[in-house]
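The values are calculated or read from the model by the stated rules, or taken from the named source; none is laboratory data. Model, not experiment: these values are computed from the prediction. FYI the Cβ positions are ideal-geometry reconstructions off the backbone, even for glycines, and counts take in every protein chain you see. For the accessible areas, the whole protein counts, side chains as well, though only heavy atoms, and no ligand, DNA or RNA atoms are used. Shrake-Rupley method; radii C 1.70, N 1.55, O 1.52, S 1.80 Å.
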Amino acid sequence: MREDWDLKQRTLAEYLNCSQVCYSQYERGNRDIPTDVLIKLADYYGTSIDYLLGRTDVMTPYPAANVK
């Protein structure tokens, strides 16, 4: 998605509060992406974590659950 949006790794690394090298390792699969980073990326792109992980082809995020 980053490339589709014409974003630089550095831009997302700054958003995620990590180094460009760290972000690059996420993209290459050399480092597991922590849950909090997945949540931030899903929020940034307006999609679901399942979409980011390739578990669905549906980009639309899930509706928010009513938590009381």
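Numbers at a glance
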{"quantity": "Test: residue in the stretch 19-37 that is touching a Ser or Thr at 6+ places or on another chain (Cβ under 6 Å) and part of a helix (DSSP H, G or I)", "calculated": "no"}
{"quantity": "Some residue of the stretch 7-14 being among the aliphatic types (A, V, I, L, M) and in a helix (DSSP H, G or I)", "calculated": "yes"}
{"quantity": "Any pair with Cβ under 8 angstrom, 6 or more apart, that starts in the stretch 7-35 at a residue that is touching a residue at least 24 places away in the same chain (Cβ under 8 Å) and ends at one that is of a type in the set (Lys, Arg) and open to solvent by less than 80 Å² (accessible area, probe 1.4 Å)", "calculated": "12/2; 15/40; 16/40; 27/2"}
{"quantity": "Qualifying residue in the stretch 46-61 (condition: free of Cβ contacts under 8 Å to residues at least 12 places away in the same chain, among the β-branched types (Val, Ile, Thr) and part of a helix (DSSP H, G or I))", "calculated": "yes"}
